[in-house]
Amino acid sequence: MDNINKTPEQQIDKVVESLKALLLSQTRNQQEAEEIKRRLDSLGHEVKAVSAIINDRNIYKAAMHKILSQIR
C-alpha cells in the first residue's frame with residue numbers, strides 16, 4: 001500500500017516501526033531496547049494526538065492519544 005493511500009495514523013505507525021528497526025539494531029542490551037521501544041511508542045501517540053487535532057479536528061481522539069503517550 002502506498003503512503004498516499006494510508007491514513008495519517010498508519011503513516012505514523014510505519015515511521016515509528018522504521019525508527020525502532022533502525023535504533024534497536026544499535027542497542028547494547030535488552031533494557032536499552034525496551035526503553036527505546038517505550039519512548040518511540042510514546043512519541044508515536046504524541047504525534048497521533050497532534051494529527052487528530054490538525055487533520056481530524058477531534059479533541060477527544062487527541063486526548064486519548066495524549067493519555068496513551070503518558071501511560072507508555
Handout entry: Some residue of the stretch 19-38 being surrounded by 14 or more Cβ atoms within 10 Å (Cβ to Cβ) and in contact (Cβ under 8 Å) with a residue 24 or more places away in the chain
Key = no
Exercise for the section: For E9, state whether it is surrounded by fewer than 16 Cβ atoms within 10 Å (Cβ to Cβ) and modelled with pLDDT of 95 or more. Expected result: no
Problem - Every residue from the stretch 57-72 that is modelled with pLDDT of 95 or more and not in a helix (DSSP H, G or I) - result: R57, N58
Problem - Counted residues, the stretch 1-17 - those being assigned to a helix (DSSP H, G or I) and free of Cβ contacts under 8 Å to residues at least 40 places away in the same chain - result: 11
Practice task
Specify the residue that is farthest from T7 (Cα to Cα); the eligible residues are those in the stretch 18-56 that are hydroxyl-bearing (S, T, Y) and not in a helix (DSSP H, G or I).
Solution key: T27
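The values are calculated or read from the model by the stated rules, or taken from the named source; none is laboratory data. Keep in mind that this is a model prediction, so the values were computed, not measured. Every residue, glycine among them, receives a Cβ derived from its backbone with ideal geometry; neighbour counts consider all protein chains shown.
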